[in-house]
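Working notes for the structure below.
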Amino acid sequence: MNAKLEKALAEVVRRNAGEPEFHQAVTEVFESLAVIVERYPDYADAALIERLCEPERQIIFRVPWIDDAGQVHVNRGFRVQYSSVLGPYKGGLRFHPSVNLSIVKFLGFEQIFKNSLTGLPIGGGKGGADFDPKGRSDFEVLRFCQSFMTELYRHIGEYTDVPAGDIGVGGREIGYLFGQYKRLTNTHESGVLTGKGLSWGGSQVRKEATGYGLAYFVSNMLAAENDSFDGKRVTVSGSGNVAIYAIEKVQQLGGLVVACSDSNSYVVDEDGIDLDVLKDIKEVRRGRLSEYTEQRPNAHVVEGGSVWDVACDVALPCATQNELDDEAAETLVRGGTTIVAEGANMPVTPRATAVFEKASVRFAPGKAANAGGVATSALEMQQNASRDSWHFDYTDQRLASIMSDIFDRCRDSADEYGRPYDYALGANIAGFTKVADAMIATGVI
């Protein structure tokens, strides 16, 4: 890392004390930018990098709500509107007890480059609250969402900021949020939120998009080396939306998904994960993965432990940040893993990434590999703007095409800088240059 980048990084750490996830995300990008700043020094001038690391706006607010027993609770809500140079802020809302400013900022910072890579006119932002919807009744979730939107609505709009879902925010929560937005604004502004239900402005494939897009990206990685998913053993962490639909598309493309996990356990099914059973447990009953063997007795569940202990050719971490550490990475390498692609946001630690690099394991960062979700959100925005609705197959084809384009941008940028197959470097450079050029063209903003 050159002197200008080191100085900028030190200032980011100083000004954002106590935010380790944000520091990690910025450091990872800066390590890639060293080669581009060396070739094009202008990118380090005019405080461009410093401006890029400072959100345009950070909103923190109180969210009071009442549970079913009449007790008042207070949570904290966030919306970090990071960069609008390419378009309206775009990024999900996360409801989880771990949510804090550091996590929202790291997610928002990553979102800038992820959205840039899609080639679509969307900026970067992220938000959420330290609220846990697990174990709460529908009415409790409704009351929380209404209180959350009562503040958030002032700061969003289809030409300003377009939130979507993330961990803890699915179709139910988006519906409650959208209903409150309509109620407060007296408008049916369908483009203000994405991830909506199909009957009220949503897009086909949006539910499947992040998982499908991940599988499409890996398929492109394999094709670049004259390979495919056929006969590949695949392990997926998580069993939420991203994991489920990554499993579905990998199976459609010929892969054999032998394991997945939740926060309590992981399941191994050598015949391949049964999606009907998994969807019933997680999407219908909202149950635990330990129930899987009730319908698939030949499978086995491991309480605790690590899903990365299961030998595989392709590993897809789809749960949460920093879930795959260097010890797990070493286990995967010993088990013969050749590709790791992030379905979650920053699930692989820096030390684990170094293990994969040393072992020549192909690694795809989340800002590229899981960009299918936000890409299809942007397609939902297009349909809302034109008062149109596209068929599933057409939207799926658009998604596959976008993911192929993202892969090409990552590969071409890595090749340009003499680092073939370094998709993390390629993603950071390709995402950064588009944003940086737009910032230069629009002056000091």
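For this structure, a couple of remarks:
- Hey, I174 of a type in the set (A, V, I, L, M), touching a Lys or Arg at 6+ places or on another chain (Cβ under 8 Å), in contact (Cβ under 8 Å) with a residue 12 or more places away in the chain and open to solvent by 10 Å² or more (accessible area, probe 1.4 Å) or not: no
- Within the range 421-445, considering residues that are of a type in the set (F, W, Y) and open to solvent by less than 30 Å² (accessible area, probe 1.4 Å), the one nearest to L48 (Cα to Cα): F432
- Of all the criteria given as (1) open to solvent by 20 Å² or more (accessible area, probe 1.4 Å); (2) under 23 Å from P365 (Cβ atoms); (3) at pLDDT 95 or above; (4) of a type in the set (V, I, T), the one not satisfied by I167 is (3).
- Whenever a residue of the range 53-71 is more than 18 Å from H155 (Cα to Cα) and assigned by the TED database to the domain that holds V99, its partners that are of a type outside the set (F, W, Y) and part of a strand (DSSP E or B), lying with C-beta atoms within less than 6 angstrom and at least six residues away or across chains, give the pairs P64/V74; W65/H73; I66/V72.
- When the range 346-373 is filtered for residues that are in contact with a Lys or Arg (Cβ under 6 Å, 6 or more places away or on another chain) and either open to solvent by 10 Å² or more (accessible area, probe 1.4 Å) or closer than 21 Å to T160 by Cα (or both), only A371 remains.
Residue by residue, here is whether (1) over 26 Å from E28 (Cα atoms); (2) touching a residue at least 40 places away in the same chain (Cβ under 8 Å) holds:
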residue	(1), (2)
R285	yes, no
E291	yes, no
V301	yes, no
A311	yes, yes
A329	no, no
P347	no, yes
A352	no, no
V361	no, no
N370	no, yes
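- Lone qualifier among V205, V162, V141, V192 - being touching a helix residue (DSSP H, G or I) at 6+ places or on another chain (Cβ under 7 Å) and on the phi > 0 side of the Ramachandran plot: V205
- Residues being free of Cβ contacts under 8 Å to residues at least 60 places away in the same chain, surrounded by 15 or more Cβ atoms within 10 Å (Cβ to Cβ) and more than 12 Å from G119 (Cβ to Cβ) - total across the range 390-415: 2
- In the range 320-345, the residues that are open to solvent by less than 40 Å² (accessible area, probe 1.4 Å) and under 21 Å from G372 (Cα atoms): Q321, I339, V340, A341, E342, G343, A344, N345
- For W390, the criteria (1) closer than 26 Å to G108 by Cα; (2) at pLDDT 95 or above hold in every case but one, which is (1).
- The single residue among I66, I103, I59 that is touching a His at 6+ places or on another chain (Cβ under 6 Å) and of a type outside the set (D, E) turns out to be I59.
- Taking helices (runs of 4 or more DSSP H) as the structural unit, those lying wholly within the range 202-316 and holding at least 1 residues that are open to solvent by 40 Å² or more (accessible area, probe 1.4 Å), in contact with a Lys or Arg (Cβ under 9 Å, 6 or more places away or on another chain) and over 20 Å from L332 (Cα atoms) correspond to 241-252.
- Tabulated pairs, the range 253-265, first within 22 Å of F217 (Cα to Cα) and in the same structural domain as V307 (by the TED database), second among the acidic types (D, E) and open to solvent by 60 Å² or more (accessible area, probe 1.4 Å), C-beta under 8 angstrom, 6+ apart or interchain: G254/D230; G255/D230; V258/E270
- The lone exception for H96 - which of (1) open to solvent by 50 Å² or more (accessible area, probe 1.4 Å); (2) modelled with pLDDT under 95 it fails: (2)
The values are calculated or read from the model by the stated rules, or taken from the named source; none is laboratory data. The structure displayed is predicted, hence computed values, not measured ones. FYI the Cβ positions are ideal-geometry reconstructions off the backbone, even for glycines, and counts take in every protein chain you see. What goes into the accessible areas is simple: the full protein's heavy atoms, side chains included, and nothing from ligands, DNA or RNA. Shrake-Rupley method; radii C 1.70, N 1.55, O 1.52, S 1.80 Å.
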